[in-house]
1. Just the residues that are surrounded by 10 or more Cβ atoms within 10 Å (Cβ to Cβ), aliphatic (A, V, I, L, M) and more than 23 Å from the chain's Cα centre (by Cα), please, taken from the stretch 244-287.
2. Report, by residue number, each residue of the stretch 231-268 that is in contact with a strand residue (DSSP E or B) (Cβ under 7 Å, 6 or more places away or on another chain) and within 20 Å of Ala34 (Cα to Cα).
3. Can you name the number of the only condition in (1) within 25 Å of Val90 (Cα to Cα); (2) of a type outside the set (A, V, I, L, M, F, W, C); (3) in contact with an Asp or Glu (Cβ under 7 Å, 6 or more places away or on another chain) that Gly145 fails?
4. If a residue must be hydrophobic (A, V, I, L, M, F, W, C), without any contact (Cβ under 8 Å) to a residue 24 or more places away in the chain and surrounded by 12 or more Cβ atoms within 10 Å (Cβ to Cβ), how many such residues does the stretch 220-243 contain?
5. Here are some residues: Met104, Met118. Which one is in contact (Cβ under 8 Å) with a residue 12 or more places away in the chain and closer than 21 Å to Trp185 by Cα?
6. Scan the stretch 185-222 residue by residue and report those that are within 30 Å of Val124 (Cβ to Cβ) and in contact with a Phe, Trp or Tyr (Cβ under 9 Å, 6 or more places away or on another chain).
7. Give just the number: which of (1) over 25 Å from Ile149 (Cα atoms); (2) more than 19 Å from the chain's Cα centre (by Cα); (3) not acidic (Asp, Glu) does Gly114 not satisfy?
Amino acid sequence: MLEEDNSSQCEINIDTQYGTFPHSEVNRRNQILAALSAAVGALITGTMLGWSSPGIPNLNERQDFGVLTNQEKSWIGSIATLGAVLSGFVAGFCIEKFGRKYTMLLLSVPSVLGWLLMACSQNVPMILVARFITGFAAASFLVVGPVYITEVVESEIRGIWGTVFNFMLCIGILLMYVLGTFVSWIWLSIISAVVPVIMFISMSMVPESPRYLLSKGKLEPATASLKWLRGTFDEAEIETELKLLQKSVHEDSRQPVRIQDLLQPSIFKPLSITMALMFFQQFGGVKTWISTC
């Protein structure tokens, strides 16, 4: 009787657009590990955003390249956003071509190289190139990371991990602010280069998104991925969820998204609110404040 009570307490209901099915609450460790690995991408973005605030004053104080002009300071602080402009198109293509996991692994490479180039810079143009590269890679993680997290975690903890992703970005900014008071801009760059290495290692240990694998017709790898994420070796335990994913992928492939779909009230209203919030946040100068405070 006691065993039955304990068993019932460990069962939770996973709500989907097609219904509700039970899943064990104790098997979330792997999916949390996968989500945390992807959330390191937000930490990388945070380090990129926060670097210039302590880095530029230290660079000017040390006069490694002479006294920086106001124009040079402005370019060092802002050129990363130019790299970010390109990231959405490239990352959007790569996540469908190479997958969510391998896109993040690929992005780790230019991120590391960009930070190392920054640390080894001999002049301002080299720093500008490094900032452009790190800005491109960092912004790309903001595209890929949330997609991967959404597809690997259960619906009941999906919202929490969306918040954790933003929290990690803030931690990255704070990390630069704190470390920047103790180390030079060179060491700040070297420390920042370690973060994408950590991400590369951690992402190498987790599977590809089962939804992406199903969209490419890879049923066996998708099954193995879902079994790992749900912490089970029994295919029967994930059979219902796997069928729901297959149905969802099949319906998405039959009904591609059209521009007209964005005009539906259920989509247009939340999209408009989100876009308005982003507009006022960005045009309110938040990036300038982060880079120079």
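Every number in this text was worked out from the coordinates using simple rules, so none of it is lab data. Predicted model, so just to flag it, every value in this text is computed and none were measured. As a convention, Cβ positions derive from the backbone with ideal geometry for all residues, glycine included, and neighbour counts pool all protein chains shown.
1. Selection gives Leu244, Leu262, Leu263, Ile267.
2. To start, the set of residues in the stretch 231-268 that are in contact with a strand residue (DSSP E or B) (Cβ under 7 Å, 6 or more places away or on another chain) comprises 240-241, 244.
Passing the criteria: only Glu241.
3. Result: Gly145 fails condition (3) only.
4. So in the stretch 220-243, the residues hydrophobic (A, V, I, L, M, F, W, C) come out as 222, 224, 226, 228-229, 233, 236, 238, 242.
Restricting the remaining residues to those that are without any contact (Cβ under 8 Å) to a residue 24 or more places away in the chain gives 222, 224, 226, 233, 236, 238.
Restricting the remaining residues to those that are surrounded by 12 or more Cβ atoms within 10 Å (Cβ to Cβ) gives 222, 224, 226, 238.
Selection size over the stretch 220-243: 4.
5. Values: Met104 fails: closer than 21 Å to Trp185 by Cα.
It is Met118.
6. Going residue by residue through the stretch 185-222, those that are within 30 Å of Val124 (Cβ to Cβ) are 185-200.
Scanning the stretch 185-222 gives Trp185, Leu188, Ser189, Ile190, Ile191, Ser192, Ala193, Val194, Val195, Pro196, Met199.
7. (2)
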